[in-house]
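Below is one structure, written out as structure tokens; the observations come after it.
The values are calculated or read from the model by the stated rules, or taken from the named source; none is laboratory data. Computed from a prediction, not measured in an experiment: that's the story for all the values here. All Cβ positions, glycine included, derive from the backbone under ideal geometry; neighbour counts span all protein chains shown.
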Amino acid sequence: GEDVEQSLFLSVREGDSSVINCTYTDSSSTYLYWYKQEPGAGLQLLTYIFSNMDMKQDQRLTVLLNKKDKHLSLRIADTQTGDSAIYFCAETANYGGSQGNLIFGKGTKLSVKP
Amino acid sequence: EADIYQTPRYLVIGTGKKITLECSQTMGHDKMYWYQQDPGMELHLIHYSYGVNSTEKGDLSSESTVSRIRTEHFPLTLESARPSHTSQYLCASWRQGSGYTFGSGTRLTVV
């Protein structure tokens, strides 16, 4: 079945770049997403990329998509303590009648040290 | 400002009580979802709906039930709460191209 894998923890120093990696299995996914969850809150859509794109940049965020390897990454430039959160990668599910459902990874907890 | 609202934000109840977690969205989205989130972060889909009068069970077996009588409202009910139901419950709605919009969640503790 479809699956999304990501490493569970990442620790960086303030001002450094953070790179969170994700692999997915469904090559027919139309969109791939990154969500951010701060402590005690729901998930917030951070950014998404359409499957026919290789890269998307939005201020400090850069998303890279390698469709051949089914690899998605999120780069946060000049990481700040406020970026400390859990980051979820997600792909669209396209099996049976579940179109539109998302398959989430288990989340990467980013810790930013001052 | 959130367009999807969950109440209550926090709830502590005794074993055996019946509870309903509320979820409402003002965006007119047809698809809505309930997730249960482990303390260890992983999200588990427990229910979803594709529109009024449509409800489906998700990947994780749950003793809860849902209803979808109106587009904007997707409540989740536990008939008899147990300590194993202690978790965070997240509601979401979906629009193509924009992904999910999540509510702030309900943190449920059953004592």
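Observations on the structure shown:
- Some residue of the range A:59-73 being without any contact (Cβ under 8 Å) to a residue 12 or more places away in the chain and either buried (at least 16 other Cβ atoms within 10 Å of the Cβ) or among the aliphatic types (A, V, I, L, M) (or both): yes
- For the range A:1-24, a residue qualifies if it is of a type in the set (A, V, I, L, M, F, W, C) and either more than 12 Å from chain B (Cβ to nearest Cβ) or in contact with a Pro (Cβ under 8 Å, 6 or more places away or on another chain) (or both), and the qualifying residues are A:Leu10, A:Val12, A:Val19, A:Ile20, A:Cys22.
- Looking only at the range B:39-58, and only at residues there that are at pLDDT below 90 and surrounded by fewer than 13 Cβ atoms within 10 Å (Cβ to Cβ), the one that is nearest to the chain's Cα centre (by Cα): B:Pro39
- Scope the range B:59-81; condition within 12 Å of the chain's Cα centre (by Cα) and among the polar types (S, T, N, Q); matching residues: B:Ser62, B:Ser64, B:Thr65, B:Ser67, B:Thr77
- Strands (runs of 3 or more DSSP E) enclosed by the range A:25-77 - at least 3 residues per element that are more than 13 Å from chain B (Cβ to nearest Cβ) and touching a strand residue (DSSP E or B) at 6+ places or on another chain (Cβ under 6 Å): A:55-58, A:61-66, A:71-76
- Among the conditions (1) over 25 Å from B:Asp59 (Cβ atoms); (2) aliphatic (A, V, I, L, M); (3) at pLDDT 95 or above, the only one that A:Leu74 does not satisfy is (1).
- Enumeration of residues in the range A:4-24 that are out of contact with any strand residue (DSSP E or B) (no Cβ under 7 Å at 6 or more places or on another chain) and at negative phi: A:Asp16
- The range B:82-101 - residue that is under 13 Å from the mean Cα position of the chain (by Cα) and farther than 30 Å from B:Gly16 by Cβ and, of those, farthest from the other protein chains (Cβ to nearest Cβ): B:Ser93
- Strands (runs of 3 or more DSSP E) fully within the range B:15-108 counting 2 or more residues that are of a type in the set (Ser, Thr, Tyr), in contact (Cβ under 8 Å) with a residue 12 or more places away in the chain and closer than 29 Å to A:Gln6 by Cβ: B:31-37, B:43-51, B:87-95, B:99-102
- Residue within the range B:1-12 that is in a loop (DSSP other than H, G, I, E, B), within 14 Å of chain A (Cβ to nearest Cβ) and basic (Lys, Arg) present: yes
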